Amino acid sequence: MVDKIIKYESEDQTKKSWFKRFLALGGDSYDDTQYESIIEGKYANEMAYKWACKRYNFTCIGLWPDGKNKTKTNLTIEKFIEEQNKGSGFTFFSGHGDWGTWYNHHIMRIS
């Protein structure tokens, strides 16, 4: 394990193909269904997503709920694991969490 860490630290990771991947995950951070339902996490992700894709030419992957139907989503634990295992230079979570949990209102829970 130590040799693996030393090898990783001694190589320029920015030259690796996986480094130019930007993974953004976000959902509905606040239950505002009685008002105009805004998916805050998706909105925050989209701002960073556009910045990374357009300015720095990253391949951007967004995992978000559908704006009209919050139960229709590509934001699942399985999809997150699949995409993260491909590698990413940056992963941006927008939601609620602590050291062992990440959560979005009505969408998903990873713990």
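Which pairs, out of Lys54/Lys86; Lys15/Lys50; Lys4/Lys79; Lys16/Lys86; Lys20/Lys42; Lys16/Lys42, put more than 19 Å between their alpha-carbon atoms?
Pairs exceeding 19 Å: Lys54/Lys86; Lys15/Lys50; Lys4/Lys79; Lys20/Lys42; Lys16/Lys42.
Please list 49-57, 85-93, 16-24, 1-9 highest first by mean number of surrounding beta-carbon atoms within 10 Å per residue. Walk me through the intermediate numbers first.
On the way: 49-57: 13.3, 85-93: 15.6, 16-24: 17.4, 1-9: 7.9.
Result, highest mean first: 16-24, 85-93, 49-57, 1-9.
Computed from the coordinates by the stated procedures, all read-outs in this text should not be read as laboratory data. Just so we're clear, the structure is a prediction, and the values are computed from it rather than from any experiment. Backbone-built Cβ (ideal geometry, glycine too); neighbour counts: all protein chains shown.
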